[in-house]
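Peer 1: So that we are looking at the same thing, I have put the structure below in structure tokens.
The values are calculated or read from the model by the stated rules, or taken from the named source; none is laboratory data. Remember, it's a predicted structure, so these values are computed and weren't measured experimentally. Cβ placement follows ideal geometry from the backbone for every residue including glycine, while neighbour counts extend to all protein chains displayed. These accessible areas exclude ligands, DNA and RNA; they are computed on the full protein's heavy atoms, side chains included. Shrake-Rupley method; radii C 1.70, N 1.55, O 1.52, S 1.80 Å.
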There are 4 protein chains.
Amino acid sequence: MAIPRSVYPAPFNITRTSHVVLTVKDLAASRAFYCDALGFVISDEDDQALYLRGIEEACHHSLVLKRSADAPVCERVGLRVYTEDDLDRAKHYFERAGLPAALVEGPHQGRTLHVCDAVGTPLEFCASMAVRPRLVVQFPQHKGACPQRIDHVQILAPDVQGACAFYCGLGFRLSEFIAPDGTDDLMFVFLQRKGNPHDIVFANGAGPRLHHAAFSVPDAQHIIHACDMAGSFGFGANLEYGPGRHGPGHALFAYFRDPDGHRLEVFTTHYQVMDIENEPVRWNLSSLRQRSWGLPPRRQWYDEASRFLGVEPRAPARTGDPMTLEKFLAEEE
Amino acid sequence: MAIPRSVYPAPFNITRTSHVVLTVKDLAASRAFYCDALGFVISDEDDQALYLRGIEEACHHSLVLKRSADAPVCERVGLRVYTEDDLDRAKHYFERAGLPAALVEGPHQGRTLHVCDAVGTPLEFCASMAVRPRLVVQFPQHKGACPQRIDHVQILAPDVQGACAFYCGLGFRLSEFIAPDGTDDLMFVFLQRKGNPHDIVFANGAGPRLHHAAFSVPDAQHIIHACDMAGSFGFGANLEYGPGRHGPGHALFAYFRDPDGHRLEVFTTHYQVMDIENEPVRWNLSSLRQRSWGLPPRRQWYDEASRFLGVEPRAPARTGDPMTLEKFLAEEE
Amino acid sequence: MAIPRSVYPAPFNITRTSHVVLTVKDLAASRAFYCDALGFVISDEDDQALYLRGIEEACHHSLVLKRSADAPVCERVGLRVYTEDDLDRAKHYFERAGLPAALVEGPHQGRTLHVCDAVGTPLEFCASMAVRPRLVVQFPQHKGACPQRIDHVQILAPDVQGACAFYCGLGFRLSEFIAPDGTDDLMFVFLQRKGNPHDIVFANGAGPRLHHAAFSVPDAQHIIHACDMAGSFGFGANLEYGPGRHGPGHALFAYFRDPDGHRLEVFTTHYQVMDIENEPVRWNLSSLRQRSWGLPPRRQWYDEASRFLGVEPRAPARTGDPMTLEKFLAEEE
Amino acid sequence: MAIPRSVYPAPFNITRTSHVVLTVKDLAASRAFYCDALGFVISDEDDQALYLRGIEEACHHSLVLKRSADAPVCERVGLRVYTEDDLDRAKHYFERAGLPAALVEGPHQGRTLHVCDAVGTPLEFCASMAVRPRLVVQFPQHKGACPQRIDHVQILAPDVQGACAFYCGLGFRLSEFIAPDGTDDLMFVFLQRKGNPHDIVFANGAGPRLHHAAFSVPDAQHIIHACDMAGSFGFGANLEYGPGRHGPGHALFAYFRDPDGHRLEVFTTHYQVMDIENEPVRWNLSSLRQRSWGLPPRRQWYDEASRFLGVEPRAPARTGDPMTLEKFLAEEE
């Protein structure tokens, strides 16, 4: 299979990943985890929802937690378009592609377009949000991981090749990808609009399901402090994987599961990738077995993910055989 | 005066500040300063020039040092356009504006367009460069400040308002500005294309002259380590100002003078600014006297800058009265 | 003059510098500075006094602030002896030396011995204190500089040679010293009992006066964060000197003045010095003009210090000619 | 069983843990691991041995690696006494106790006393070493973990109670200990002379065997950098456990296995413990199952250790049932 090429100029101007909307069972527990332990800032809250942002974000929210008695799900992944005009062009684009597209009104953000991408991921686009103060230098309010801003989301899907082609058609660029040795069958694609390696990542797996949302933190020390603060607030066991060093993207990371099982990554900042001569970086599937350091993740890190509201996951045609912690220990014996 | 509005879509697609070309008297001294002490990576060198990049840059160079027996100058500030087509459109744009525009060939980069902006700053645009490995995780090669990448340049100019209007016409957005209390006379403008506060900054002063080029570093610890390494290699006195905390932009910074007097800023990462609802942040000139902490800079930090090759600086209509270290100490007595 | 030799075994066992007792005008202002901005922990407080400790200290207090309407002074410097028996032996030692020595009772600490050293510094010894929880891993309570523990005090005195001889007689070891080039006239002596470079430092100057108390912090990042937090709480101008890198001792430092003018140093950890083969490190006075990096301190850093209660300072026989910021700027012009 | 009390004054003055002597198969491989990757400084080397120290140590060596074709072992653990007189008193003390004690000569250190402790651990005492420059501020020579100095050793032994009693008889103080809930049967004892939690640690297990030697590093960032550098030099798989946060002692840690299987801990600095009122801190065995964060160590971390030369390990009367990674994963399923 061929590596898809990005369409330029894009049919409409997506600028970045904007937010995720998750349902949770207990807002107080979520608040303890996200705000007390990890340092997210509250933009608004009531008995139905928590609207959170990172310490440098001026946008109203990058993480929305909505109370629900049902099994926790991700309602939608939010993306930003630059102008209201881009929003209208987006609507036409999805309609022409025969995909769902409906303009709705939502709290704290401008006109919002609900769509589904080609692999069934529920997305929403908006061009503006309510504005809140950036707290970059409000040091007394910095806590925990000191999350700066949302950076990307990762989605499990059975058709990574199709997802990649669809997003390249929207003007996304492929920064890195993983394929089995000797083929171009895309197993993992890192797609970006904002000029660093990721806005949206697709990985082979039953889906579409949300694997994680990722927030950048200032430096290595804040990764460790996030772990220490999680431990202090009784969320030590919620650390699922890390601290560790990624292969693709090169970031230092830690993965947490929130009280409802949604996965959160905190990581140190990515490199800049903006220039046309930057070809996608290829990683052979086999090379991923050679981690720089650290044990491999548990099987659950590969398998478990948040369902999207009303979307039944489909199994992938081929399943990978990733190196899990369980397998690693069995092989060592 | 009115705050200029950004043109959207831009007449051609500038993606970021790319590089600066400086002349120096002694390449060995420059190499000791930039590479041994501060940790820049050498992409190429010969007896006429040093081509340097930051540890995460894949582009061939973000800092070019050319040997010259003449008084040290800045030859040009380099900017990136996205495609070769953008380069052609840039040429037409400058020609139509009656500004110099000439396509040239240069080493290690694609077709290059030499122009001058509306205030006389010599610029060059290119759409591609030779590619070198990113050294993000080549930890044994990380040294000193561990400069990641070029972030912005600051230019002194007598007509900040005119510079701002010109760059907004190119699609730059104004992220922050400084004006005297009660007026909109622009004294300091922070202009960006790449989605963080700066690509090019104009400050009121005799010019156009290059005040400094700025490179991002991973965290606060690397600012301190840059100072310690500068001291270790005999460049301690080259630290001109800092470590300190900026008002506009909020970064932690340190300013060095290189062996030829060119000024370099190393700083920690800026916030992201991409959304249309982000209005320019206004700072009153008077508020800058209230630094968060740290002594004010010496007078030389305000007054001294690198001339551009063949460009005679012009004095500004009005000169500011900034708080210098000399004035601060005199007032305290 | 000869460098004094340490008496071993010591006449009684002093283990470390323990605390300082300062008077202040406004306990609320002191609390805002020390606790809110810099992160000291409150062990006890009432309307007469604040008892503070560092985040890893189990002892009740390392910093006592007592409310007084009089001009702010240092009442006493506290030192620890190992056992109650050492306390009795200390009493005999001072009595035999013809120095004041009186056992008193004080809050939150065991039997306490009030003495004056040979240069007139009011000291107090105790062998035990009330115990409070170490907060090393109570991360939610860590703030500002995250002061770990008291490390040393510095005292200005006119007879540094005499002070050094006296403390070596108590078993202190000289880790480093400063003398004019070509002589052994001690201008600055770093004396220690606990196995790192300082417990008590004497520097030539009108005294005895307390130049500063010093607390260790975890790392370079906390030095910067202390500055940022000081700025956030309105104490940015209280940063008097630094961040900078010391010559003797090698620590990274920042000096603050508290709301009453008492000076506080926060610094990163010192090296270990315990072995008998470690001879005192000599620094020539001239070599101190070559700072590794950073501007020299203002004149006030050399001249200003806290008086001891009821002790009239005496002028030194010779006054130094240190490099001040004022002199540095004048020489540069 | 009763918690042993420390003898004061000590029969002779031990000041700190000084060094370990290990045998290795391949000095070049050891050098790559310890020096290139982890940043140890070479004091001397020839084709028979490598003498290494931390960046702030003035003593000649804290880690001696001797080439041997035999199975890798630890030859001896080195401790410092303060004076030559203490060395003679040590000799008498061990002789009177019926334990081996022989004065020998060794390279780069003063008169050396070879002894065995009550549980059979081969020790050596010396009062002085050759002196090398402290490299605290020789920043260009700092690499990897930037190990500052040796801090402690941990020894597996079948009779922890006996070891504790023996070392308390030498004047060691017990800072922390682990015992099964409801008993004072010592399973883990942290013993110190130098004023922080550890100089020598005994843990229940087949022994005596050396579990690890531990070196302090400046901060959390250097723990991560040690992992990254280990990965860069091909020693990523040598990271056995961590980065993680200890319960007892509270340090942030990472454990590596060197190319011969000897275990090394790098960790951030410990708290100070010098005051007589500091009672030993008790940890119930059950409480250790509640880690603050991070997965438990693999079984090998509990079981594997370096034999001492010529010492046949004995099995403990009771074996613990620690939480291993293998058991944790099995329980989770």
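Peer 1: What does the copy distance list look like for A:W283, label position 7 Å along Cα→Cβ, in nm and ordered from shortest?
Peer 2: Ordered by distance, the counterparts are at 3.4, 3.9, 4.8 nm.
Peer 1: How long are the semi-axes of the ellipsoid equivalent to the protein assembly as shown, from square roots of 5 times the Cα gyration tensor eigenvalues, in whole Å, largest first? Could you put the intermediate results ahead of the total?
Peer 2: Working: eigenvalues 551, 311, 171 Å².
Calculated on Cα positions only, the semi-axes equal 53, 39, 29 Å.
Peer 1: Once you have the alpha carbon radius of gyration of segment C:160-242, what is it after dividing by 2.2 N^0.38 Å, with N set to its residue count? Write down the numbers at each step before the final one.
Peer 2: Values: Rg = 16.2 Å, N = 83, 2.2 N^0.38 = 11.8 Å.
So the Cα radius of gyration is 1.38 times the expected 2.2 N^0.38 Å.
Peer 1: A follow-up question, please. Could you tally the net charge around D:L65, taking each other residue with its Cβ under 15 Å from the Cβ of D:L65, Lys/Arg +1 and Asp/Glu -1?
Peer 2: Numbers: positive: D:K25, D:R31, D:R53, D:K66, D:R67, D:R76, D:R257, D:R263; negative: D:D26, D:D36, D:D44, D:E45, D:D46, D:D47, D:D70, D:E75, D:D258, D:D260.
Once positives and negatives cancel, what remains is -2.
Peer 1: May I ask you to report, in nm to one decimal and beginning with the shortest, the distances from C:D44 to the same position in the other copies, taking label points 7 Å along Cα-to-Cβ?
Peer 2: Here the equivalent label points are 5.0, 5.5, 7.4 nm apart from this one.
Peer 1: Out of C:L186, C:P296, C:L79, whose Cα points farthest toward the positive end of the dipole of chain C (charges: +1 Lys, Arg; -1 Asp, Glu; placed on Cβ)?
Peer 2: C:L79
Peer 1: When DSSP beta bridges are limited to those with both residues in chain B, what percentage is antiparallel, rounded to the nearest 5?
Peer 2: On the way: 55 of 79 bridges.
For chain B, the DSSP antiparallel bridge percentage is about 70.
Peer 1: Share of Cα-Cα pairs in segment D:246-299 beyond 14 Å, in percent?
Peer 2: Numbers: 973 of 1431 pairs.
Value for segment D:246-299: 68 percent of Cα pairs lie more than 14 Å apart.
Peer 1: Averaged across D:128-138, how many Cβ atoms of other chains sit within 10 Å of each residue's Cβ atom?
Peer 2: Values: counts 4, 3, 1, 4, 0, 0, 6, 0, 5, 11, 1.
Partner-chain Cβ atoms within 10 Å, mean over residues of D:128-138: 3.
Peer 1: Follow-up. About its Cα centre, what dipole magnitude does segment B:99-247 give when the only charges are +1 on Lys and Arg Cβ and -1 on Asp and Glu Cβ, stated in debye to the nearest 20? Spell out each step's value before the answer.
Peer 2: Numbers: 10 positive and 13 negative charges, 132 e Å.
Roughly 640 debye for segment B:99-247.
Peer 1: Viscosity 1.567 mPa s, temperature 4 °C: give me the Stokes-Einstein translational D for segment D:204-294 in µm²/s, with Rh taken as the Kirkwood radius over C-alpha pairs.
Peer 2: Values: Rh = 14.9 Å.
The diffusion coefficient I find is 87 µm²/s.
Peer 1: For segment A:205-255, list log₁₀ I(q)/I(0) at each q in 0.15 Å⁻¹, using the Debye formula over Cα point scatterers of equal strength and ignoring solvent, two decimals each.
Peer 2: So the normalised log intensities work out to -0.48.
Peer 1: Kindly point out which whole DSSP H helices in chain C project their C-alpha atoms 15 angstrom or further along the helix axis while averaging a Kyte-Doolittle hydropathy of -0.5 or above. Before the final figure, lay out each step's value.
Peer 2: On the way: long enough: C:84-96 (18 Å, -2.04); C:220-232 (18 Å, 0.32).
Flagged H segments are C:220-232.
Peer 1: Here is a follow-up. I need the shape label for segment B:281-333. Rule: rounded when a/c is under 1.5, else prolate if a/b > b/c, else oblate, with a, b, c from the alpha carbon gyration tensor. Don't skip to the answer; put the middle values down first.
Peer 2: Details: a/c = 2.28, a/b = 1.66, b/c = 1.37.
Prolate shape, in that a/c is at least 1.5 and a/b is the bigger ratio.
Peer 1: For segment B:178-333, state the semi-axes of the equivalent ellipsoid (square roots of 5 times the eigenvalues of the alpha-carbon gyration tensor), sorted largest first and rounded to whole angstrom.
Peer 2: That gives 24, 21, 18 Å for the three semi-axes.
Peer 1: Rounded to a whole number, what is D in µm²/s for segment D:21-63 from Stokes-Einstein with the Kirkwood radius over alpha-carbon pairs (20 °C, 1.002 mPa s)?
Peer 2: On the way: Rh = 10.5 Å.
Roughly 205 µm²/s, to the nearest whole number.
Peer 1: Taking the Cα centre of segment B:1-51 as the origin and placing charges on Cβ (Lys, Arg +1; Asp, Glu -1), which of B:A37, B:T23, B:A10 is farthest toward the positive end of the dipole?
Peer 2: Checked the options; the winner is B:A10.
Peer 1: Additional query: Over the residues of chain C, compute the C-alpha Rg and express it relative to 2.2 N^0.38 Å. It would help to have the intermediate numbers written out before the result.
Peer 2: Details: Rg = 18.9 Å, N = 333, 2.2 N^0.38 = 20.0 Å.
In units of the globular-protein estimate, chain C measures up at 0.95.
Peer 1: Please work out the C-alpha center-to-center distance from segment D:47-124 to segment A:1-54 and express it in whole Å.
Peer 2: 59
Peer 1: A further question follows. What is the sum of charges, Lys and Arg at +1 and Asp and Glu at -1, for the other residues whose Cβ falls under 10 Å from the Cβ of A:V137?
Peer 2: Values: positive: A:R134, B:R245; negative: A:E56, C:D228.
Counting the neighbours of A:V137, the net charge comes to 0.
Peer 1: Also, quick follow-up: Using the 7 Å Cα-to-Cβ label point, sort the distances from B:G162 to its equivalents in the other copies shortest first and give them in nm to one decimal.
Peer 2: For B:G162, the inter-copy label distances come out at 5.9, 7.1, 9.2 nm.
Peer 1: Please report the orientation-averaged projected area of segment A:10-114, defined via the convex hull of its C-alpha atoms, in nm². The partial results should precede the final answer.
Peer 2: Working: hull surface 29.6 nm².
For the Cα atoms of segment A:10-114, the hull's average projected area reads 7.4 nm².
Peer 1: Which order do you get for B:H225, A:H250 if you rank them by accessible area with a 1.4 Å probe, largest at the top?
Peer 2: Values: B:H225 55, A:H250 35 Å².
So, going from the largest accessible area down, we get B:H225, A:H250.
Peer 1: Here is a follow-up. Give the span of segment C:35-170's Cα atoms along each principal axis, as three whole-Å numbers ordered largest to smallest.
Peer 2: Over segment C:35-170, Cα extents along the principal axes are 49, 32, 30 Å.
Peer 1: Averaging the inverse of every distinct alpha carbon separation and then flipping it gives the Kirkwood radius. What is it for segment C:45-89, in angstrom units?
Peer 2: Details: mean 1/r = 0.0781 Å⁻¹.
For segment C:45-89, the Kirkwood estimate is 12.8 Å.
Peer 1: Can you give me the relative contact order of chain D as a percent, contacts being Cα pairs under 8 Å and 6 or more apart?
Peer 2: On the way: 823 pairs, mean separation 63.4, N = 333.
Over chain D, the number comes to 19 percent.
Peer 1: Which chain D residue puts its Cβ closest to the axis that rotates D onto C, and at what distance in whole Å?
Peer 2: D:D219, 2
Peer 1: From the backbone phi of segment B:316-321, what are the Karplus-calculated ³J(HN,Hα) couplings (6.51 cos²θ - 1.76 cosθ + 1.60, θ = phi - 60°) in whole Hz, Gly and Pro given as x?
Peer 2: Karplus values, whole Hz, x for Gly and Pro: x, 4, 10, 9, x, 10.
Peer 1: Is there a quick way to get the dipole size of the protein assembly as shown? I mean about its Cα centre, with the Cβ of Lys and Arg at +1 and of Asp and Glu at -1; what is the value in debye to the nearest 20? Display every interim value, and only then the final one.
Peer 2: Numbers: 132 positive and 168 negative charges, 0 e Å.
I would put it at about 0 debye.
Peer 1: I'd like the antiparallel share, as a percent to the nearest 5, of DSSP beta bridges with both residues in segment D:18-106. Present the calculation step by step, with values, prior to reporting the outcome.
Peer 2: Working: 12 of 17 bridges.
Beta bridges within segment D:18-106, antiparallel portion: roughly 70 percent.
Peer 1: Which one, A:S175, A:G162, A:A130, projects farthest toward the positive side of the charge dipole computed for segment A:53-181 from Cβ point charges (K/R +1, D/E -1)?
Peer 2: Comparing the listed Cα positions along the dipole, A:A130 ranks first.
Peer 1: What ³J(HN,Hα) values, in whole Hz, does the Karplus curve 6.51 cos²θ - 1.76 cosθ + 1.60 give for segment B:63-75 when θ = phi - 60°, with x put for Gly and Pro?
Peer 2: Calculated HN-Hα couplings, in order: 9, 10, 10, 10, 6, 8, 7, 7, 4, x, 9, 9, 6 Hz.
Peer 1: Using the Cα gyration tensor of segment D:168-215, with a ≥ b ≥ c the square roots of its eigenvalues, what is the shape: rounded (a/c below 1.5), prolate (a/b larger than b/c) or oblate (neither)? Intermediate results must be reported in sequence, preceding the final value.
Peer 2: Values: a/c = 1.84, a/b = 1.18, b/c = 1.57.
Note, shape of segment D:168-215 comes out oblate.
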